[in-house]
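Chemist: A single structure is presented below for examination.
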Amino acid sequence: MPEPRLPTVLFIMMARIWIKHLLPYQARVTPRDVASITELPPFTNISTTPYDLHISGSSGVSNAGIPVAGITTDIDNDTRNATTPDISADEFASAAGIDLRATNLVNPIVKNCYNATETVTIRIQNSSSVTHDFQLTR
């Protein structure tokens, strides 16, 4: 039976071992790369020249980084957030308002739902600059 395709698939060769998914990779290299994510970032313009690799809109890289001592500005000389910098060479303004996105399918582990009553658990991330205080109920 083929292995199920996950939404966060990596193919990394480390020490002659193929690592196919983000979580096993992070476990192998911890504490490095604990803030890593898998995503196709919403770049401003990657289709025509001149290309613009600034982040446009909401992204999982927003405020998801770990500060690095001595790195206080980004590639544009904008000041980096001192506690939660963006993951990338560019520090950018997060979207305002409600901007939540699913980042990981936690359950079912096999990544398939077999019936309409199966519980599905997802991890979400707030990609906006606004703090949200909420709880979900069934």
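The values are calculated or read from the model by the stated rules, or taken from the named source; none is laboratory data. Keep in mind the model is a prediction, meaning the values are calculated, not measured. Cβ coordinates were reconstructed from backbone atoms using ideal geometry, including for glycine residues, and neighbour counts include every protein chain displayed.
Chemist: From the list I55, I19, pick out the single residue that is more than 12 Å from the chain's Cα centre (by Cα), surrounded by 13 or more Cβ atoms within 10 Å (Cβ to Cβ), under 16 Å from R101 (Cβ atoms) and not small (G, A, S). Give the steps one after another, and end with the answer.
Modeler: Values: I19 fails: under 16 Å from R101 (Cβ atoms).
Only one candidate passes the filter, namely I55.
Every residue, every condition in (1) assigned to a strand (DSSP E or B); (2) buried (at least 16 other Cβ atoms within 10 Å of the Cβ), yes or no:
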| residue | (1), (2) |
| --- | --- |
| V34 | no, no |
| P41 | no, yes |
| T44 | yes, no |
| S47 | no, no |
| S59 | no, yes |
| N63 | no, yes |
| I66 | no, no |
| D86 | no, yes |
| E91 | no, yes |
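Chemist: Please enumerate the residues belonging to region 26-67 that are under 18 Å from T83 (Cα atoms) and free of Cβ contacts under 8 Å to residues at least 12 places away in the same chain.
Modeler: Correct list: P31, R32, D33.
Chemist: If you take the residues in region 5-25 that are aromatic (F, W, Y) and more than 23 Å from D86 (Cα to Cα), which one is modelled with the lowest pLDDT?
Modeler: Just the residues of region 5-25 that are aromatic (F, W, Y), to begin with: 11, 18, 25.
If we keep only those that are more than 23 Å from D86 (Cα to Cα) too, we end up with 11, 18.
On the way: F11: 57, W18: 75.
Filtering region 5-25 for residues that are aromatic (F, W, Y) and more than 23 Å from D86 (Cα to Cα), the one modelled with the lowest pLDDT comes out as F11.
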